[in-house]
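In what follows, a single structure is set out as structure tokens and then discussed.
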Amino acid sequence: MATAAAFRLLRRALNPAVARRRFSTAAVAAETPPSPLPLATGEEEAGMVSMKGVRISGRPLYLDMQATTPVDPRVLDAMLPFYLSRFGNPHSRTHLYGWESESAVEAARASVAALVAADPKEIFFTSGATESNNISVKGLMRFHRARKRHVITTQTEHKCVLDSCRHLQQEGFEITYLPVRPDGLVDLGHLADAIRPDTGLVSVMAVNNEIGVVQPLEEIGRICSEKGVVFHTDAAQALGKIPIDVEKMGIGLMSLSGHKIYGPKGVGALYVRRRPRVRIEPQMNGGGQERGIRSGTVPTPLVVGMGAACEIAMKDMDYDGRRISTLQERLLNGIRDKLDGVVVNGSLEHRYPGNLNLSFAYVEGESLLMGLKEVAVSSGSACTSASLEPSYVLRALGVDEDMAHTSIRFGIGRFTTEAEVDKAIELTVRQVEKLREMSPLYEMVKEGIDIKSIQWAQH
């Protein structure tokens, strides 16, 4: 199995640091950087890692695959020649260096297109999904500003889509932010009712980055097609993980990312339908590269890496999916067997299994995260992880503020092992039990007291 070979390669690459990283598989295979904080006597020899005030014995195991993924060794192999010997500018048309780079870029374009059942001419390379989302939302509405003044999106979209919509509001466009159901799915009836004659775009994320919910893309595409509205989807978390067919799903614009599918950071792609043609206004001016949609020199090594990642995903998607589903069940059952008051956020049925977002009742989320310093997890989107506010995605689902504060997102990927999942279960259960022992609320619940019925007095 190709994935098994890649897994062995990654393990071999990580081998020099295994002693320091007892649990890590997907962490970067690099020497531990010098600690910015002084270490106690003997800690350096014991392989202690210290950063931002946190000291742990080795690098943590990595379960934050929605934030980013490690580069697959096969992807790195494909990229290296274009850093070292084939370094030409793909837009140089007068010599071999340019020609071979251009050929590599076009081969990568074909690989990305094949993964989503598109024509290579419909794929435009960008710096990432954020740029693709900006081009899609702003570019389409600005092109049609004379006739189309209304955009529909959901309250659970990625920040870059929501902020692009708010930017359009400042320009006089109207935005409808659809609520979602408690399971995170959009209500198709509400979506159809919200479409107006001047609606230019419907933007709905394919797989949610925080809760992993998979939206009914085919049904949304059918509604948009019937109403004559362009359907845009942010598929950064979906590419290579669930089957995507732009024709079957009626997608007009789609944003893609390289580093979510074991490719390099700094590269993404935008799908723009050709028939019927979707027209957008470029958001960056310059040399007219990417057929005028996105000016700027195409970074050949990064594009080659994204193409290789898509090619691998096309071969391994089924195998990865089955394996990740098994690991997700192992993680969820392992935690639920030992803890009560564990809630899965978002639909379990319509979900990408590599994303498991859990809330732990009667536990303070920040304390839980700090206690899980040997596991790299997050409480939501990496783009908003510095905020102490509860996740806006969970609040949109109607999750109580106290439960939204206790959410942890576990991200399982291609190189995650059963041993890592078992270790994550052990550490999570231990930390939750420790925090609940200190919680007077949990003690009251165990005594049969209904906390929600208590009238709390202010002093």
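Couple of notes before you dig in:
- Which numbered condition CYS165 misses (of (1) in contact with a Lys or Arg (Cβ under 8 Å, 6 or more places away or on another chain); (2) farther than 30 Å from ILE312 by Cα; (3) open to solvent by less than 10 Å² (accessible area, probe 1.4 Å); (4) not β-branched (Val, Ile, Thr)): (1)
- If only residues of segment 399-432 that are modelled with pLDDT of 95 or more and open to solvent by 60 Å² or more (accessible area, probe 1.4 Å) are counted, the one that is farthest from the chain's Cα centre (by Cα) is ARG430.
- Filtered by the rule that a residue be of a type outside the set (Phe, Trp, Tyr), in contact with a Leu (Cβ under 7 Å, 6 or more places away or on another chain) and part of a loop (DSSP other than H, G, I, E, B), segment 396-449 gives THR406, ILE412, THR416.
- Flag for LEU327 being in a helix (DSSP H, G or I), open to solvent by less than 20 Å² (accessible area, probe 1.4 Å), modelled with pLDDT of 95 or more and over 17 Å from ASP183 (Cα atoms): yes
- Across segment 122-141, not a single residue is classified as open to solvent by 50 Å² or more (accessible area, probe 1.4 Å) and over 19 Å from the mean Cα position of the chain (by Cα).
- Any chance LEU201 is farther than 24 Å from MET306 by Cα, of a type outside the set (Phe, Trp, Tyr) and buried (at least 24 other Cβ atoms within 10 Å of the Cβ): yes
- Residue that is most open to solvent (accessible area, probe 1.4 Å), among those in segment 171-198 that are assigned to a helix (DSSP H, G or I) and free of Cβ contacts under 8 Å to residues at least 24 places away in the same chain: ASP193
- Highlighted here are the strands (runs of 3 or more DSSP E) found entirely within segment 216-312 that include at least 2 residues which are within 22 Å of the chain's Cα centre (by Cα) and free of Cβ contacts under 8 Å to residues at least 60 places away in the same chain: 230-234.
- Filter pass, ALA4 being surrounded by 15 or more Cβ atoms within 10 Å (Cβ to Cβ), at pLDDT below 95 and either in contact with a helix residue (DSSP H, G or I) (Cβ under 6 Å, 6 or more places away or on another chain) or at negative phi (or both): no
- Each residue in segment 246-286 was checked for being out of contact with any helix residue (DSSP H, G or I) (no Cβ under 7 Å at 6 or more places or on another chain) and within 20 Å of THR300 (Cβ to Cβ), and 4 of them qualify.
The values are calculated or read from the model by the stated rules, or taken from the named source; none is laboratory data. This structure is a prediction, so every number in the text was calculated from the model and none was measured. All Cβ positions, glycine included, derive from the backbone under ideal geometry; neighbour counts span all protein chains shown. For the accessible areas, the whole protein counts, side chains as well, though only heavy atoms, and no ligand, DNA or RNA atoms are used. Shrake-Rupley method; radii C 1.70, N 1.55, O 1.52, S 1.80 Å.
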